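Chemist: The structure that follows is given in the form of structure tokens.
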Amino acid sequence: MARPKGQGQKTKELIAEKAKKIFEQKGYVGTSMEDIRKYSQISKGSIYYHFKNKEELFLYTVRTTSEKWQTSWEEHAEKVDSATEKLYLLAKYYAFDMQNVLAYTVPEYIATENIDKIMSNQIFELIKPEFEVFYQILSEGIRQKEFKSNQSPNDLAYILYSTLTGLSITQFMGYNEKQFFALYQSTIDVFLKGIATKTD
């Protein structure tokens with residue numbers, strides 16, 4: 001019997017939504033497909049119809065979460081004019097996102113899976129939507145002469161992306177929420193002193 005139009009996709013999204021909660025609670029390694037089946041109350045056959053294994057389900061969950069992040073970011077970024085303002089907004093937005101528990105399962109996934117198998121494209125595909133935001137802002141700033149152009153926007157994007165991502169560890173080092181968000185804003189101050197054409 002054919003599935004009603006759209007029902008299959010709804011089921012797939014429901015599975016991913018439930019799986020996300022389990023991954024957040026138990027991590028990538030600690031989560032099993034049986035855990036997801038029990039929590040979602042969806043049959044094992046239906047889960048495996050949509051996802052061949054836990055890795056595929058995890059990657060789908062991370063991708064959809066990243067896509068939602070990008071959509072939300074674009075809505076907020078439209079209200080800001082300069083590239084400099086966008087960097088400060090991105091820092092605030094990113095600090096909030098780094099408190100998302102799912103963000104910590106990606107390094108765990110990378111560390112536990114066969115790195116040779118996933119290194120070529122999949123790792124970059126996981127971070128590409130967010131990295132593109134950094135790249136676009138920095139490219140815009142260089143075009144508008146807000147930032148120096150002696151370094152490529154690609155290199156600058158990697159530097160800033162890595163820095164803001166790495167700062168997430170500070171929330172486990174005694175920083176409260178206010179300090180955590182302030183640190184992200186301060187990072188942009190420090191970064192801009194190196195690339196801004198004019199400084200106060």
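The values are calculated or read from the model by the stated rules, or taken from the named source; none is laboratory data. From a predicted model like this one, the values you see are computed outputs, not experimental measurements. Cβ sites come from the backbone with ideal geometry, for glycine too, and all protein chains shown count toward neighbours. With ligands, DNA and RNA removed, areas are computed over all heavy atoms of the protein, side chains included. Shrake-Rupley method; radii C 1.70, N 1.55, O 1.52, S 1.80 Å.
Chemist: Just how large is the dipole of the stretch 12-112 about the Cα centre, in debye to the nearest 20, putting +1 at every Lys and Arg Cβ and -1 at every Asp and Glu Cβ? Please report the intermediate quantities before stating the final value.
Modeler: Values: 15 positive and 15 negative charges, 107 e Å.
Magnitude of the dipole: close to 520 debye.
Chemist: Find out how many positive minus negative residues lie around Phe134, taking Lys and Arg as positive, Asp and Glu as negative, among other residues whose Cβ is under 12 Å from that of Phe134.
Modeler: My count for the surroundings of Phe134 gives -2.
Chemist: Ignoring everything but the protein chains, give the 1.4 Å probe accessible area of Val80 in square angstrom, nearest 10.
Modeler: 30
Chemist: Would you please give the FRET efficiency between Gln136 and Asn176, computed as 1/(1 + (r/R0)^6) with r the Cβ-Cβ distance and R0 = 45 Å, to the nearest 0.05? Each step should come with its number before you reach the end.
Modeler: Numbers: r = 32 Å, r/R0 = 0.71.
Rounded to the nearest 0.05, the efficiency is 0.90.
Chemist: Something else: Which of the following values of mean projected area of the Cα convex hull in nm² was calculated from the structure shown: (i) 11.0; (ii) 11.7; (iii) 14.1?
Modeler: (iii)
Chemist: Label Val29 and Asp155 with points 7 Å out from Cα along Cα→Cβ: what is the distance between them in nm?
Modeler: That separation, rounded to one decimal, is 3.7 nm.
Chemist: Using only Cα atoms, tell me the angle between helix 177-195 and the longest principal axis of the chain; keep it within 0 to 90° and round to the nearest 10.
Modeler: 50
Chemist: On a C-alpha basis, how far is the centre of the stretch 121-168 from the centre of the stretch 41-102 in Å? Whole number, if you could?
Modeler: 17
Chemist: Continuing with the same structure: Lys12: which aspartates and glutamates have alpha carbons under 18 Å from its alpha carbon, excluding same-chain residues fewer than 8 sequence positions away?
Modeler: Straight-line reach from Lys12, under 18 Å: Glu34, Asp35, Glu55, Glu56, Glu67.
Chemist: Quick one: helix 83-97 against the long Cα principal axis of the chain, what's the angle to the nearest 10°, folded into 0 to 90?
Modeler: The angle comes out near 40 degrees.
Chemist: Only four residue types carry charge here, +1 at the Cβ of Lys and Arg and -1 at the Cβ of Asp and Glu. Report the dipole size of the chain about the Cα centre in Debye, rounded to the nearest 20.
Modeler: On the way: 26 positive and 26 negative charges, 146 e Å.
It works out to roughly 700 debye.
Chemist: Suppose we flag trypsin sites (Lys or Arg not before Pro) only when DSSP calls them loop and at most 11 other Cβ atoms lie within 10 Å. Which is the longest uninterrupted stretch of the chain? Intermediate results must be reported in sequence, preceding the final value.
Modeler: Numbers: sites that count: Lys5, Lys52, Lys79, Lys145, Lys198.
The reported range is 80-144.
Chemist: Lysines near Lys86 by alpha-carbon distance under 24 Å, same-chain residues fewer than 8 away left out - which ones?
Modeler: Straight-line reach from Lys86, under 24 Å: Lys68, Lys128, Lys145, Lys148, Lys178, Lys193, Lys198.
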